[in-house]
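Each reported figure results from applying straightforward, stated rules to the coordinates on display, with no laboratory input. Since we're looking at a predicted model, the values are computed, not measured. Every residue, glycine among them, receives a Cβ derived from its backbone with ideal geometry; neighbour counts consider all protein chains shown.
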Amino acid sequence: MDNVWALRVAYTEAVKLVEAQNAFCAKAENGLWNLIDTPFPQDIKWESLVDVIRGRVKACVISPG
């Protein structure tokens, strides 16, 4: 059960990061540079999961067996 909880927490954090990155990029693409007051949102801890969410990489689950 702890592993499931940890996965849910990680997924939630990665989704928040994806949303923050998307908001940042939307401002940049629309030329709203004066509304960008922070650096590009990134966190190495969640980078791999962000790539999974964006569909850049595939993830597989191997069950112990």
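For semi-axes √(5λ) of the Cα gyration tensor in Å, the value computed from the atomic coordinates appears in the list (i) 17, 13, 11; (ii) 37, 12, 6; (iii) 30, 12, 8 under label (iii). Of interest is the spacing of the C-alpha centroids, which for the stretch 25-65 and the stretch 1-20 amounts to 13 Å. Take the Cα of PHE40, step 7 Å toward its Cβ, do the same at ALA28, and the gap between the two points is 0.4 nm.
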